[in-house]
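Peer 1: Here it is: the structure, laid out below.
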Amino acid sequence: MAMRDLVSGAAACGDSSSSSSNPLASLANALIGSSSKTQERLKEIPTSTPTDPASQFYSTALPANQLPGSEFDKPLLNLNSQASEFLHRFRGSTGLEETWDEIQRDGAAAQMRQLPPGIQQPPLDGTPQRVLSNILHSFLDSSRGGVPFHPAPLPMLGLSEGDKQCIRDRSSIMARHLFVDKSEEFIDAQVNALLCSLDIDSSVRGKGPMPERFRELEDYWNESQGNLRLGPPAPDGWISEFSQQREKYDNPDSWANSFEQQYGANGWVSEFEHSQLSSVDQMRGMNMSNFAAREQTRMLANTLAQNGDPKFQNSKFLQFVSKMSRGELIIDDNQVKENALPASGDWATEYNQQYNHGHAWAGEFLNDKVYHGPDQWANEFTSEGRQHDAVDDQWVNEFSKLKVNDWADEFGQQFGEGALGDSTSDSWAQAYDEFLNEQVAAKQQLDSSRGVYVFSDLNPYVGHPNPLKEGQDLFRKGLLSEAVLALEAEVLKNPENAEGWRLLGIAHAENDDDQQAIAAMMRAQEANPTNLEVLLALGVSHTNELEQTAALKYLYGWLRHHPKYGTLAPPEMADSLYYADVARLFNEAAELSPDDADVHIVLGVMYNLSREYDKAIASFERALKLKPQDYSLWNKLGATQANSVQSADAIMAYQQALDLKPNYVRAWANMGISYANQGMYDESIRYYVRALAMNPKAENAWQYLRISLSCASRNDMLEACDSRNLDLLQKEFPLQ
Amino acid sequence: MADSSSNLKSDAIMEQMKQHLATDSGKQVTKKIGLVYQIQIAPKKLGIDEVVYTVDLRKGEVTKGPYEGGKPDASFSFKDEDFVKVALGKMNPQIAFMRGAMKIKGSLSAAQKFTPDIFPKPSKL
């Protein structure tokens with residue numbers, strides 16, 4: 001397709017040249033790009049032109065504005081305009097402009113004819129330009145819809161012979177691209193239908209014989225053609241494309257010469273070389289401009305190179321642009337080295353545009369579209385610049401990564417200077433990976449900062465008619481994680497439900513998640529500031545988090561809001577709590593009610609806070625005599641024994657708690673801790689895994705499991721621990 | 001009777017460590033490490049209002065105050081929160097160092113042996 005578009009683009013230039021109704025101008029334009037020898041001879045002609053009667057023919061035949069930007073009477077004396085002339089001809093805008101002017105001039109003479117009713121026709125209202133545009137667009141649409149194009153009677157459009165020739169040539173070439181998958185007969189039928197509608201004779205020859213008075217110029221023309229034919233052969237694709245059209249023209253030699261002149265590799269390279277040669281004076285002293293032009297060409301070449309089409313990659317044009325961008329292009333006569341026209345971007349951009357808009361020729365023809373080469377190129381450069389920015393970002397990232405690695409290696413070497421040897425680097429590499437993982441985890445933890453409850457995703461109990469009752473039932477059955485979900489649904493539904501929040505906090509505490517337990521209990525306390533169970537739970541959780549001040553505040557609150565012992569607590573004491581004072585008050589309460597288990601429980605928590613473990617153990621044991629079925633009380637006794645380094649006794653207390661409530665995750669985790677603190681890491685691993693099987697969200701248990709695996713030399717299971725592969729861990733560490 | 005005026009969380013860890021070193025597993029730690037660590041803990045900001053502990057894993061003792069038998073093998077500075085995290089295995093000591101949450105003086109090879117398994121873990125009520 002790229003090759004066909006290239007042919008189409010080149011043909012546009014050729015057609016525009018041949019469409020000129022001024023044979024002398026056409027011949028002069030062609031000869032400008034010819035060999036230097038021919039050009040040298042042409043320099044003699046201007047002296048004889050003013051005295052020749054042909055000048056009268058020219059002035060009467062065409063208005064002066066037919067050649068904008070170029071004065072015909074001195075076309076060869078102004079060498080500085082050669083490049084501009086070449087570029088204009090290459091783009092084909094001059095020819096199109098002539099055609100457009102003629103259409104405009106003849107428009108007034110158009111007449112309308114009545115059409116038979118009922119025939120489906122494209123809209124024929126408006127100026128002849130619009131009518132012609134509609135008929136041409138319907139020709140294009142027939143290729144998309146697969147509907148054959150039918151001839152239609154049209155009003156007289158006043159097309160000149162040049163216009164008709166141009167339309168015939170373009171439509172013949174375009175049809176072969178539009179109907180590439182159709183048969184030759186079909187293509188001929190379509191083109192003939194179009195030409196018939198426009199009253200164009202398809203057999204009219206493109207070029208008539210030259211008037212006799214220009215015979216000398218005709219000799220120059222033949223000579224230049226002869227030179228071009230000696231150039232290198234054209235690509236095979238071009239030859240095959242041309243062969244398909246050979247039998248369609250009565251004068252194949254003329255067509256071949258015209259086409260080869262425009263497309264042959266030697267032809268346009270020669271034209272370009274001579275354009276540069278004629279611009280030597282202009283370009284002298286423009287080094288900076290040349291450098292900028294080459295940079296532009298290099299970026300253009302990079303953009304073009306992104307097209308993966310093999311035909312395009314191998315095209316002469318892309319290779320030519322690449323050579324220009326690399327400064328390899330050298331003129332044959334060695335007068336100019338590594339030169340590039342400042343305006344090279346313009347015509348290169350036009351080529352790119354042709355490639356991208358191969359099917360816009362009808363609109364181009366009628367609207368006399370002018371390519372905004374510099375603007376197009378500027379946009380292209382902007383896109384290139386953005387890609388360059390992306391490359392910069394990648395480089396910065398690459399540099400940053402390199403820096404960090406270097407630093408880590410350097411630090412590892414410092415450790416390597418010690419007695420640890422080569423394993424230090426591995427250790428630090430692993431530590432760095434953990435650092436990255438922990439950074440991600442740290443970001444997540446920011447969301448669950450202290451005191452903010454984090455709800456679960458995808459809660460199936462949302463919308464449940466009575467989630468509180470469901471939560472209570474699940475809690476009694478020991479399904480703590482399920483109970484958490486149901487209770488979350490309850491507090492989402494009724495945010496002021498203190499009982500919902502309280503149960504939620506207890507469930508989290510038993511699931512060994514103090515962070516969530518504290519957050520839930522704080523919400524419960526907001527809803528009901530005097531609830532004694534909530535105050536005790538908050539005191540216990542803060543004790544577990546080693547937060548002495550907060551724990552003391554809540555435990556004192558328990559005493560102060562108690563209906564029986566509130567009178568013992570003076571209100572002014574709440575502003576500055578001291579442990580000794582609060583402990584004294586609790587002892588008074590215990591003496592007041594020896595048989596109240598709750599007083600002894602709170603007192604036991606207080607003694608844990610002050611690390612008077614013997615007294616704490618005595619308090620809990622006394623409470624257990626009053627409440628032997630309280631599983632949480634057994635756990636409190638065990639934890640106190642463990643923290644006072646009586647791990648063996650603690651294990652027995654935990655076992656009592658688990659007998660009463662098998663799904664008590666905190667007790668399972670505490671079992672693991674007690675075995676680990678005794679150096680029995682193998683046993684501790686099994687209990688940690690059991691706790692995690694019940695509540696995979698117990699973060700403490702994951703951390704302790706990792707330590708025990710390391711101490712037990714089970715590094716083969718560290719990966720399972722890090723990836724939280726509970727199936728593998730349970731299989732490896734079953735609990736009898 | 002413990003000094004209850006201290007509000008540092010780390011104090012609870014040190015108290016438990018002191019008793020832990022008297023047990024059989026604590027003696028194993030002493031045999032395994034055999035180094036003297038000095039640990040300075042600041043309540044809020046590193047280096048301010050520091051409380052100093054000496055964890056002597058040669059003798060199996062934990063005392064308050066600087067090490068008086070010469071230079072410790074390694075000296076660490078922590079914030080209270082960060083020390084608890086390291087002792088309980090919530091933060092890797094190497095990561096703590098890279099984050100600037102921990103400063104080290106003395107022998108780096110001795111510092112390398114400062115790992116979470118030295119410290120006993122508190123149980124939860």
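The values are calculated or read from the model by the stated rules, or taken from the named source; none is laboratory data. Just so it is clear, the model here is predicted, and its values are computed rather than measured. Glycine also receives a Cβ, built like all others from the backbone with ideal geometry; neighbour counts cover every protein chain displayed. Accessible surface is based on the protein model in full, side chains and every heavy atom, while ligands, DNA and RNA are left aside. Shrake-Rupley method; radii C 1.70, N 1.55, O 1.52, S 1.80 Å.
Peer 1: Quick check for you: with a 1.4 Å probe and neighbouring chains kept, what is the accessible area per residue of chain B, in Å²? The partial results should precede the final answer.
Peer 2: Numbers: 5580 Å² over 125 residues.
About 45 Å² of surface per residue is accessible.
Peer 1: In addition: When the Karplus curve 6.51 cos²θ - 1.76 cosθ + 1.60 is applied with θ = phi - 60°, which whole-Hz ³J(HN,Hα) does each residue of region B:37-42 get, with x for Gly and Pro?
Peer 2: Listing the rounded values in order: 10, 10, 10, 10, 10, 9 Hz.
Peer 1: Can you tally the net charge around residue A:479? Count Lys and Arg as +1, Asp and Glu as -1, for every other residue whose Cβ sits under 12 Å from the Cβ of residue A:479.
Peer 2: -1
Peer 1: Here is a follow-up. Which entries in B:32/B:64; A:553/B:103; B:32/B:103; A:553/B:85; A:661/B:27 show an alpha-carbon gap greater than 27 Å? Provide the component values of the computation, followed by the final result.
Peer 2: Values: B:32/B:64 23 Å; A:553/B:103 34 Å; B:32/B:103 24 Å; A:553/B:85 24 Å; A:661/B:27 35 Å.
Violating the 27 Å limit, Cα to Cα: A:553/B:103; A:661/B:27.
Peer 1: Shifting gears a bit: With a 1.4 Å probe and every protein chain left in place, tell me how much accessible area residue B:99 has, in Å² to the nearest 10.
Peer 2: 100
Peer 1: Is chain B best put as rounded, prolate or oblate by its Cα gyration tensor, with a ≥ b ≥ c the root eigenvalues, rounded for a/c under 1.5, and otherwise prolate when a/b is larger than b/c, oblate when not? Before the final figure, lay out each step's value.
Peer 2: Working: a/c = 1.25, a/b = 1.06, b/c = 1.18.
Rounded is the answer for chain B, as its axis ratio a/c remains below 1.5.
Peer 1: Give me the accessible area buried between chains A and B, both sides summed, with a 1.4 Å probe, in Å² rounded to the nearest 100.
Peer 2: Using a 1.4 Å probe, the pair buries roughly 4100 Å².
Peer 1: Now a separate question. Using the Cα gyration tensor of region A:656-713, with a ≥ b ≥ c the square roots of its eigenvalues, what is the shape: rounded (a/c below 1.5), prolate (a/b larger than b/c) or oblate (neither)? Could the numbers behind the result be given before it?
Peer 2: Numbers: a/c = 2.51, a/b = 1.46, b/c = 1.73.
Since a/c reaches 1.5 but b/c is at least a/b, the shape of region A:656-713 is classed as oblate.
Peer 1: With all protein chains present and a 1.4 Å probe, how do A:502, A:724, A:686 order by accessible area, largest first?
Peer 2: A:724, A:686, A:502
Peer 1: Right, something else. Going through the cross-link list A:636/B:59; A:625/A:697; A:636/B:9, which pairs have a Cα-Cα distance over 22 Å in this structure? Write out the running numbers ahead of the final one.
Peer 2: Working: A:636/B:59 32 Å; A:625/A:697 34 Å; A:636/B:9 20 Å.
A:636/B:59; A:625/A:697, as the Cα separations exceed 22 Å there.
Peer 1: In whole Å, how far is the Cα centre of region B:61-79 from that of region A:522-542?
Peer 2: Using only Cα atoms, the two centres lie 40 Å from each other.
Peer 1: For region A:520-622, what ratio Rg/Rh do Cα atoms give with a Kirkwood hydrodynamic radius? Display every interim value, and only then the final one.
Peer 2: On the way: Rg = 12.6 Å, Rh = 13.5 Å.
Expressed as Rg/Rh, it is 0.93.
Peer 1: Which far-off residues, 5 or more places away or on another chain, put their amide H under 5 Å from the one on residue B:36, with H placed in the peptide plane?
Peer 2: B:57, B:73, B:74
Peer 1: Further, regarding this structure: Suppose only helical runs count, i.e. DSSP H with n ≥ 4. What mean residue ellipticity at 222 nm does that imply for chain B under -39500 (n - 2.57) per run, divided by all residues and rounded to the nearest 500 deg cm²/dmol?
Peer 2: On the way: 5 runs with 42 residues, N = 125.
Only helices count here, giving -9000 deg cm²/dmol.
Peer 1: Residues with beta-carbon under 12 Å from that of residue A:495, excluding residue A:495: net charge, scoring Lys, Arg +1 and Asp, Glu -1?
Peer 2: -2
Peer 1: Report the accessible area of residue A:464, computed with a 1.4 Å probe over the heavy atoms of all protein chains in place, in Å² rounded to the nearest 10.
Peer 2: 60
Peer 1: Using a 1.4 Å probe, how large is the accessible area of residue A:682, given in Å² and rounded to the nearest 10?
Peer 2: Surface accessible to solvent at residue A:682 totals approximately 90 Å².
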